[in-house]
Amino acid sequence: MNKMIYADNAATTALSKTAFEAMLPYLTTEYGNPSSVYSFGHNAKRAIQKAREKVASVIGALPEEIYFTGGGTEADNWAIKSAAKLNQNAGKHIISSAIEHHAVLHTLDSLKEQGYEITCLGVDEYGQISLQELCSAIRKDTVLISIMAANNEIGTILPTAQIGAIAREHGVIFHTDAVQAVGHIPINVRAMNIDMLSLAGHKFRGPKGIGALYVKKGLDLPAIIHGGGQERNLRSGTENVAGIVGLGAALEEAASNMKENMQEVPALRDRLISGVLQIPHVRLTGDPTDRLPGIASFAVEGVEGESMVMMLDQNGICASSGSACSSGSQEASHVLLATGLPNQLAHSSLRFSLNEDNSEKDVDYILEKLPVIIFRLRELSPVWNAITADAK
């Protein structure tokens with residue numbers, strides 16, 4: 001199989017040429033330690049500062065409000081645990097949502113063991129929270145609201161600015177996991193009243209293993225890693241200079257192309273959605289309008305999601321399923337269950353995530369192969385036989 005269609009950009013993206021070329025000197029000739037006092041080290045230090053300025057510019061922050069991390073998961077952990085510790089004398093109540101990434105949900109679980117009370121807001125069929133329920137959930141002892149900017153599985157864009165306004169009105173710190181949003185849709189931390197924001201380089205054609213946490217100036221979070229005092233004494237450890245430079249270059253490039261991509265990528269996404277929905281007993285998951293530019297996600301009755309992914313792979317198509325393998329047992333997506341899908345249908349999820357590297361030919365190839373795959377799998381499916389039998 002020579003043909004390969006990559007349609008899983010929500011999982012990771014290909015490193016852009018711009019990011020690679022920016023990184024290359026810091027992987028070869030410019031290998032100085034940024035903490036060194038001589039000029040060779042200062043070159044690396046200046047490169048980090050320039051990347052910090054690029055990230056800050058894209059999200060409307062100050063450079064000194066940007067802290068580089070090992071990825072989005074670390075940024076989420078740092079934001080939530082440190083905010084909880086910072087305000088532990090004020091209360092131990094945190095508000096989040098039922099569709100958060102596991103980097104948030106599992107961090108909240110760890111805080112439960114320390115006596116924190118977590119309110120997870122439910123969502124409607126499209127994955128949207130109720131702002132009224134959010135307001136009602138805030139208490140005197142609420143110290144943090146952590147709600148994602150956009151969902152990684154179904155693509156729903158949440159009302160971040162409104163959430164930020166509510167948090168600001170009640171004097172509660174607001175953190176958003178914007179890993180899927182940054183670089184794809186406009187984000188401005190000032191306009192949206194965001195106090196902390198997590199992002200990851202590999203979601204917008206930067207390198208893996210590098211992310212950032214925005215922390216609003218004046219919010220004095222405790223250090224996450226102690227040592228040599230890097231990242232203004234909050235995250236010690238010799239910096240990943242090449243990764244930081246690549247992240248900055250990739251995000252700057254994504255921001256410069258965002259207007260064009262927000263027109264072209266949704267057109268591909270909608271072409272794909274329209275074609276897939278022609279297949280009987282397939283439904284779109286996520287918000288039909290407020291969704292990320294490239295994510296097209298579905299529930300396909302009578303077929304296991306993993307089976308579709310495997311057969312798509314055999315046909316040279318990379319996609320993903322909302323089902324995850326956890327501790328050796330197949331579990332339905334917590335996101336789809338939260339939207340009200342029954343367990344059986346939540347196991348039948350399929351997600352395509354496109355970006356500017358995809359084309360109409362890619363979409364048409366998917367639409368050529370997918371119906372045949374679903375038909376074959378349904379022929380072998382006792383679940384589908386039961387559905388069709390009931391219909392008769």
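Do we have Gly206 as part of a loop (DSSP other than H, G, I, E, B), under 15 Å from the mean Cα position of the chain (by Cα) and on the phi > 0 side of the Ramachandran plot here?
Working: part of a loop (DSSP other than H, G, I, E, B): yes; under 15 Å from the mean Cα position of the chain (by Cα): yes; on the phi > 0 side of the Ramachandran plot: no.
For Gly206, the condition - part of a loop (DSSP other than H, G, I, E, B), under 15 Å from the mean Cα position of the chain (by Cα) and on the phi > 0 side of the Ramachandran plot - is not met.
If I go through segment 365-377 residue by residue, how many of them are open to solvent by 10 Å² or more (accessible area, probe 1.4 Å) and touching a residue at least 24 places away in the same chain (Cβ under 8 Å)?
If we filter segment 365-377 for residues that are open to solvent by 10 Å² or more (accessible area, probe 1.4 Å), which is where we start, we get 365, 367-369, 371-372, 375-377.
Right, trim to touching a residue at least 24 places away in the same chain (Cβ under 8 Å) and you get 365, 367, 369, 371, 376-377.
Final tally of qualifying residues: 6.
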Inspect segment 233-247 for any residue being in contact (Cβ under 8 Å) with a residue 24 or more places away in the chain, within 12 Å of Ile59 (Cα to Cα) and either open to solvent by 30 Å² or more (accessible area, probe 1.4 Å) or not in a helix (DSSP H, G or I) (or both) and give the result as yes or no. no
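Can you name every residue in segment 93-102 that is among the β-branched types (Val, Ile, Thr) and either open to solvent by 70 Å² or more (accessible area, probe 1.4 Å) or outside any loop (DSSP other than H, G, I, E, B) (or both)? Full working, then the answer.
Taking segment 93-102 first, the residues among the β-branched types (Val, Ile, Thr) are 94-95, 99.
Passing the criteria: Ile94, Ile95.
A quick yes/no check of all residues on (1) part of a loop (DSSP other than H, G, I, E, B); (2) without any contact (Cβ under 8 Å) to a residue 60 or more places away in the chain; (3) of a type outside the set (Asp, Glu):
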residue: Gly41; (1), (2), (3): no, yes, yes
residue: Asp76; (1), (2), (3): no, no, no
residue: Gly91; (1), (2), (3): yes, yes, yes
residue: Val104; (1), (2), (3): no, no, yes
residue: Ile118; (1), (2), (3): no, yes, yes
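Return the residue satisfying two criteria in turn: it lies in segment 53-84 and is among the charged types (D, E, K, R) and either open to solvent by 20 Å² or more (accessible area, probe 1.4 Å) or touching a His at 6+ places or on another chain (Cβ under 6 Å) (or both), and of such residues it is farthest from Arg205 (Cα to Cα). If you could, list the steps in order and put the result at the bottom.
As a first pass, look at segment 53-84 and keep what is among the charged types (D, E, K, R): 53-54, 64-65, 74, 76, 81.
Within this subset, residues satisfying the condition of being either open to solvent by 20 Å² or more (accessible area, probe 1.4 Å) or touching a His at 6+ places or on another chain (Cβ under 6 Å) (or both) are 53-54, 64, 74, 81.
On the way: Glu53: 18, Lys54: 15, Glu64: 24, Glu74: 19, Lys81: 28 Å.
This residue is Lys81.
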Exactly one of Leu345, Leu336, Leu341, Leu350 is within 17 Å of Asp8 (Cα to Cα) and surrounded by 17 or more Cβ atoms within 10 Å (Cβ to Cβ), and that residue is Leu350
Checking Thr13 against (1) more than 25 Å from the chain's Cα centre (by Cα); (2) under 27 Å from Lys369 (Cβ atoms); (3) hydroxyl-bearing (Ser, Thr, Tyr), the condition it does not meet: (1)
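The values are calculated or read from the model by the stated rules, or taken from the named source; none is laboratory data. Keep in mind that this is a model prediction, so the values were computed, not measured. Every residue, glycine as well, gets a Cβ built from its backbone with ideal geometry; the counts of neighbours run over all protein chains shown. To get the accessible areas, we keep the full protein, side chains included, count just its heavy atoms, and leave off ligands, DNA and RNA. Shrake-Rupley method; radii C 1.70, N 1.55, O 1.52, S 1.80 Å.
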